[in-house]
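Below is one structure, written out as structure tokens; the observations come after it.
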Amino acid sequence: MKKTLLRALAGLAILAFGVMVMNALIGMKGTPPVKPRIASARLVKTVTAEVDTLAPSVHVEGRVQALNRITVLSEVNGMLPVGGKEFREGVRYGADEAMLRLDDSELRASLVAQRSQWLQQLAGALADIQVDFPAQAEMWMAYVQDLDVEAVLPEMPQPATDRERLYLTSRGIVSGYHNIRANEARLDKFTVRAPFEGVIVGAQAQPGSMVRAGQPVGTLVGTGMYEVKSAIHARHLGRLKEGNDVLLRNEEGVVVARGQVARISGSVDPTTQSASVFCEVTAEPGQSLRDGRFLSGEVYGQSIPGVMALDEVLLTGDDGNEVFVVKDSQLALAQVEVLHRDADRVLVRGLKEGEQVVAEQVSGAYEGMLVERAER
């Protein structure tokens, strides 16, 4: 029993001694040196500042409208013929081509009768003219011989004296001539010609139907020049003027038309603070424009000297008038003056030629941040 107790005490003593020795050895070990932290440089894309004279672009959008557009109507009553080039929607006509040819057979027959009667009346007066106005007799005889009752009357000879004029008036020759010429002018109204090249839209009369005087029968829309009306904010109006170049694209971004600013409204809408700008455009080769189509594009305003174009997202600062530049491998802020804002870019002044401008957004960027340039 005594031996067992001694053995237990000896074991405890050895264990305690071992713990003491281990703690002593741990205490003798020195604290490892702390290595200084080396900051790593961020890789940023930069672009070299190049100051130039640039034209600001202003976004425009609107519906295409034909510059030439008229309502087609007739000044006389008549029947629209069937056959040939019929007056229907989608039919194209060239400038001065006949669009409507109303039935004029009745008036033509009436004119032949009128001319025949007038010729008889004039021939009956030749004998008196030879006696009373011998100097004019030969001229009147040649005029009568050249008359054709199926053709338009030629210009009537002018009386040489007041006595001759009174004689012709008293015989009803002057009034008969003017009545025939008035009906000949009316005959021309049975044919309606296109004043410009265009296409018919919304035809309201069908071939074979009766057309009344003053009745609209359709609309002719020009196919040469078009106009796009767009609302431009008042802040951009100072950069625009008549004659500025215009470029328009379709939904796929393809350029389909070019032109110029034709008119700028003289007033600003108080609600939207915008004014109407009218652009006259023509289709690009291989492209076609149609009335009512929606297009968007840019108007290029008056050029601004000493500026550089940047993505608007690169602006920073409380007032949005600073950009990051790289100096001595560190980020620095440069003050700029924003002169114009496009849809996705700005024109700024204040950057120095050759300065390295950060060309992308850098998360957590700050002045003095270590960076490494990567030319864009």
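If the chain between A55 and N179 were fully stretched, how many nm would it gain, using 0.36 nm times the residue separation less the Cα-Cα distance?
Extending this stretch completely gives an extra 38.2 nm.
Work out the length of the dipole vector of region 105-188 about its Cα centre, built from +1 on the beta-carbon of each Lys and Arg and -1 on the beta-carbon of each Asp and Glu, and round it to the nearest 20 debye.
240
Please check: in the Gaussian network model of the chain (C-alpha springs, under 10 Å), which one of E252, E298, E50 has the largest mean-square fluctuation.
Largest GNM mean-square fluctuation: E252.
Would you mind counting up the charge near N68? Only other residues with Cβ under 13 Å from its Cβ, with Lys and Arg at +1 and Asp and Glu at -1.
With Lys, Arg at +1 and Asp, Glu at -1, the neighbours total -3.
Please give the net charge around A343, taking every other residue with its beta carbon less than 15 angstrom from that of A343, where Lys and Arg add +1 and Asp and Glu add -1.
-1
Based on the mean of other Cβ atoms within 10 Å per residue, sort peptides 236-247, 83-94 so the most packed one is first.
236-247, 83-94
Counting only pairs 8 or more residues apart or on different chains, how many lysine pairs in the chain have their Cα atoms under 24 Å apart?
Counting lysine pairs in the chain gives 5.
In whole angstrom, note down how far apart the Cα centers of region 78-105 and region 199-261 are.
Going from one Cα centre to the other spans 24 Å.
For a quick check, take a GNM of the chain with Cα springs below 10 Å and name the residue from G62, G218, G317 with the largest mean-square fluctuation.
The residue with the greatest mean-square fluctuation here is G317.
When the chain is treated as a GNM, springs tying every alpha-carbon pair under 10 Å, which of S110, S267, S170 comes out with the largest mean-square fluctuation?
In this elastic network of the chain, the residue with the biggest mean-square fluctuation among S110, S267, S170 is S170.
Considering only the other residues whose Cβ falls under 15 Å of the Cβ of L331, what net charge follows from Lys and Arg at +1 and Asp and Glu at -1?
-2
Once the dipole of the chain is set up with Lys and Arg at +1 and Asp and Glu at -1 on Cβ about the Cα centre, which of V307, V112, V326 lies farthest towards its positive end?
It is V326.
If packing is taken as the mean number of other Cβ atoms within 10 Å per residue, what is the order of 221-232, 343-354, 362-373, highest first?
So the order, starting with the most tightly packed, is 221-232, 343-354, 362-373.
Return one quarter of the surface area of the convex hull spanned by the alpha-carbon atoms of region 105-188, equal to its mean projected area, in nm².
Orientation-averaged projected area of the Cα hull: 5.1 nm².
Helix 2-28 sits at what angle to the longest principal axis of the chain, using alpha carbons and giving 0 to 90 degrees rounded to 10?
Its long axis makes an angle of about 50 degrees.
With r as the distance between the Cβ atoms of L187 and A160 and R0 = 35 Å, compute the FRET efficiency 1/(1 + (r/R0)^6) and round to 0.05.
My answer for the efficiency is 0.65.
Do me a favour and compute the ellipsoid semi-axes for region 309-353 from its Cα gyration tensor, root of five times each eigenvalue, largest one first, whole Å.
Three semi-axes, in Å: 19, 11, 10.
Test of the criteria: in region 139-179, which trypsin sites (Lys or Arg not before Pro) are in a DSSP loop and have at most 16 other Cβ atoms within 10 angstrom of their Cβ?
R171
Quick check: from the Cα gyration tensor, does region 252-312 come out rounded (a/c under 1.5), prolate or oblate?
Taking the square roots of the gyration eigenvalues as a ≥ b ≥ c, region 252-312 is oblate.
Taking 1 over the mean of 1/r across every pair of different Cα atoms in the chain, what Kirkwood radius in Å do you get?
One decimal place: 30.6 Å for the Kirkwood radius.
If you put +1 on each Lys and Arg Cβ and -1 on each Asp and Glu Cβ, how big is the dipole of the chain around its Cα centre, in Debye rounded to 20?
Result for the chain is approximately 3080 debye, rounded to the nearest 20.
Loop only by DSSP, 10 or fewer other Cβ within 10 Å of the Cβ. Give me the GluC sites (Glu not before Pro) in region 149-220 that pass, ordered by residue number.
E150, E155
Each value in this text was obtained by applying a stated rule to the coordinates, not by laboratory testing. Keep in mind that this is a model prediction, so the values were computed, not measured. Positions of Cβ are backbone-derived with ideal geometry, glycine not excepted, and every protein chain shown enters the neighbour counts.
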